Amino acid sequence: MTSTPDLESREPLTPLREGPLPGDPTPEPTRHGLAHALRHGRGLVGVVLVGIVVALGLLAPLLAPYSPTEQIRDANLLSPSWQHWLGTDALNRDLLSRTLYAVRADLMVVFVAVPVGAVIGALLGLVTSWWAWTDVIAQRLFDVMLAFPALILGILVAAFVGPGLVTVGVVIVAIEIPVFGRLVRTSVRTVREMPFVEAAQVVGARPGWVMRRHIWPHTLEPLTVQLAVSMSVAVFIEGAMSFLGLGVRPPAPSLGSLIQDGVRLMYEAPYVALGPLVLVVALVLGLLLISQALTEARRV
Amino acid sequence: MAHYVLSRLGSTLLVLALSSVGIVALLRLVPGDPVAILAGADSTPESRAAIRAELGLDQPFWEQYAGWLHGLVTFDLGPSYRLGGDVGDLVAAGALNTVVLTAAALLLASVGALLASVLAVLLDRPWLTALLSAGNTVAVAVPTFAISLLLVLAFAVYLPVLPAGGAPPDGFASRPDLAVQYLLLPAIALALPAWATLTRFLTEALYTQLRAPYVTTARALGIPRRRIVLTQALPNALPSAVTVLGLQVGTLLGGAILIEAVFAWPGLGRLVEQGISARDYPVVQVLLLLSVAVFVLTQLASDLIHAWLDPRIRLKGAH
């Protein structure tokens, strides 16, 4: 048998498609959630970096070979060795232990003070933006709060309660309240014009219910992005305040105070600042990568 | 437009008024009595009362506030308590130093960003882009105080070519070469984060412009890419970059406080610090109000410029 091409059963010819034709439905860009952004690419790197720093801080009591304030005999400004991985400082203290415990001070600032300020600010913004007169008052108050640079605020708070980690926390809460208050207000203004909010009001929903059910979920995404940005800024503020002597009180360590110690000794002992500097950069970089990944995920 | 401008002006004045009352009240609440500091440890109640009366601190709060406001409006703020000299002179001297430092940083940041982003787009090489992005990350992720101390170590200790801190001893005008030497390190440290933000923004804006249809047309007409970048894309990308630059001014002024502390630069930031620790109310009050004023006026300017650029706001009520 000769094989003749079976012309009849051939599938009907379709025009070659190299791109969308006029009239095609435009493809919906796949929009992944924010959680997806954190499991891939840049976001994942950020999560891993932040995760490592958090783990080091949380496990400090298990990982640290010495107490952070213990003064070890005959261990003045030793270079890194098997005995002291990061060396010792001018007061004979083990730098690895100090660095690990210092992370905890920064974790308090980043994961306690920033969220507290964010929640207070977001709730204030949410509730006050609903009525015109509370909105005006709250926004002017936020303006006033935003007008003080962080360090001036720090100097002021320190004048009241003295330097310390609490002072840093108060300053960060005070900085974040207006930031989140304004952010929430912007989304409330956008969402409340939408038809479904109007519909809810028509059927008699109370303001509290509408806020909880319709407005709040819509403000969550921009809040998450801002949270990551604010957290990275908080690390810097802690560092700067400790640097100016407004932050943790010695002998307690924080990453900022350790870097300050280290860079002052940079000439004789260049290794002192190394560990804390690496951890600060890892923490800030991780948070920045997370915020970039989240921003990108929202843009799609 | 007129209605919008008036309402923005009104709310700016309201914020200034509210914060001026807040500032004066807040300082009275700070623990630590300036009279006790001034009079010294072995003072009698009578001498303290005399000092209190002389400074006007025995008057009710609203009278103190009114007196201060009057002094503010007439530019006669009287003597400082402890820092020595007239408050107006102290603030003016500090403001000059801070403005010079901030302006130098702004200049470095904008020129540096312009050069870096135009060069990156012109050459369009992956290694250069990677290098710039790495530099950007370092400038953003390493704390400013660490960078500034590293700069001091590199250029004042290891390579002793620049002074480690302080202000030029003869002022800025008489020895400009010396002034530049003193200014260089703090200005670089202050400029770095702003440079990073601006460079990233301008590079992205340039690439966005290069994807626009008019660039394709220009390419089709045979105009070389270099000329398109310099004569077409850059002028179109610049206005939005100027807006970003304006937003950086406030950040730079805030950052100047830290840089002034690191480099012992006698500007407003150091004056605030000294003033609060000495409980020198007249000095601190003016400085705090100044910082609020700079912030709200920057906001006002940016709002008004945006309103002017947005015809929906500009033309409202024009008919």
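With a point put 7 Å past each Cα toward its Cβ, work out how far residue B:107 is from residue B:133 in nm, to one decimal.
In this crude label model, residue B:107 to residue B:133 measures out at 3.3 nm.
Tell me the label-point distance for the pair residue A:140, residue A:32, using the 7 Å Cα-to-Cβ offset, in nm and rounded to one decimal.
In this crude label model, residue A:140 to residue A:32 measures out at 4.7 nm.
Less than 13 Å Cβ to Cβ from residue A:177, Lys/Arg counted +1 and Asp/Glu -1: what total charge do the surrounding residues give?
After counting each charged neighbour, the total is 0.
Quick check: residue separation of residue B:251 and residue B:208 times 0.36 nm, minus the Cα distance between them. What number comes out in nm?
Length gained, residue B:251 through residue B:208: 12.9 nm.
Starting from a Cα-only point model with no solvent, please compute log10 I(q)/I(0) by Debye for the stretch B:122-265 at q = 0.10, 0.11, 0.13 1/Å.
-0.49, -0.58, -0.74
Can you work out the FRET efficiency for the pair residue B:13 and residue B:178, with r the C-beta to C-beta distance and R0 = 41 Å, to the nearest 0.05? If you can, show how the numbers build up before the last one.
Details: r = 43 Å, r/R0 = 1.04.
Here the calculated transfer efficiency is 0.45.
Mind checking which of A:197, A:110, A:47 has the largest fluctuation in a GNM of chain A, springs on alpha carbons under 10 Å?
A:197
For residue B:49 paired with residue A:206, estimate the spin-label separation in nm (one decimal), with each label point 7 Å from Cα along the Cα-to-Cβ line.
5.9 nm
Set the Förster radius R0 to 25 Å, insert the Cβ-Cβ distance between residue B:4 and residue B:293 as r into 1/(1 + (r/R0)^6), and round the FRET efficiency to 0.05.
FRET efficiency, residue B:4 to residue B:293: 0.75.
In sequence order, what are the phi-derived ³J(HN,Hα) couplings for the stretch B:124-130 according to the Karplus relation 6.51 cos²θ - 1.76 cosθ + 1.60 with θ = phi - 60°, rounded to whole Hz, with x for glycine and proline?
So the Karplus estimates, Gly and Pro as x, are 6, 9, x, 5, 5, 4, 4 Hz.
Please check: in the Gaussian network model of chain A (C-alpha springs, under 10 Å), which one of A:210, A:173, A:109 has the largest mean-square fluctuation.
In the Gaussian network model the winner is A:210.
Can you give the net charge of the other residues whose Cβ lies under 9 Å from the Cβ of residue A:66, counting K and R as +1 and D and E as -1? Don't skip to the answer; put the middle values down first.
Numbers: positive: A:93, A:98; negative: A:70, A:94.
Residues near residue A:66 contribute 0 overall.
Given +1 on the Cβ of Lys and Arg, -1 on the Cβ of Asp and Glu, and no further charges, what dipole in debye does chain B carry about its Cα centre, rounded to the nearest 20?
Here chain B has a charge dipole of around 1760 debye.
Give the residues of the stretch B:88-132 whose amide nitrogen is closer than 15 Å to a point set 7 Å from the Cα of residue B:226 in the direction of its Cβ.
B:118-125
GNM on chain B, C-alpha springs below 10 Å: top fluctuator among B:144, B:102, B:74?
B:74
Please arrange A:218, A:84 by how many other C-beta atoms lie within 10 Å of their C-beta, fewest to most. If you can, show how the numbers build up before the last one.
Details: A:218 16, A:84 20.
Least to most surrounded, the residues fall as A:218, A:84.
With 10 angstrom as the radius, rank B:289, B:72 by how many other C-beta atoms surround their C-beta, starting from the fewest. Could the numbers behind the result be given before it?
Details: B:289 19, B:72 15.
Listed from fewest to most nearby Cβ atoms, that is B:72, B:289.
For an R0 of 51 angstrom, estimate the FRET efficiency from the Cβ-Cβ distance between residue A:221 and residue B:154 and round to the nearest 0.05. It would help to have the intermediate numbers written out before the result.
Numbers: r = 43 Å, r/R0 = 0.84.
Efficiency computed from Cβ-Cβ geometry: 0.75.
Take the alpha carbon atoms of the stretch B:186-228, find their center, do the same for the stretch B:233-264, and report the distance between the two centers in whole angstrom.
Using only Cα atoms to place each centre, the spacing works out to 18 Å.
Rg/Rh for chain A to two decimals, with Rh computed the Kirkwood way over all alpha-carbon pairs. Before the final figure, lay out each step's value.
On the way: Rg = 27.1 Å, Rh = 22.7 Å.
Ratio of gyration radius to Kirkwood radius: 1.19.
How do A:66, B:182, B:214 line up, fewest other C-beta atoms within 10 Å first?
With the sparsest Cβ surroundings first, the list reads B:214, A:66, B:182.
Given the C-alpha centroids of the stretch A:266-281 and the stretch A:43-90, what is the distance between them in whole angstrom?
12 Å
Where the Cα atoms of the protein assembly as shown are projected onto their three principal axes, how long is each span, largest first, in whole Å?
Sorted from largest, the Cα extents of the protein assembly as shown read 126, 76, 58 Å.
Rule-based calculations on the coordinates, nothing more; no lab input. Everything numeric here is computed off the predicted structure, so don't read it as measured data. Virtual Cβ from ideal backbone geometry, glycine too; neighbours counted across all protein chains shown.
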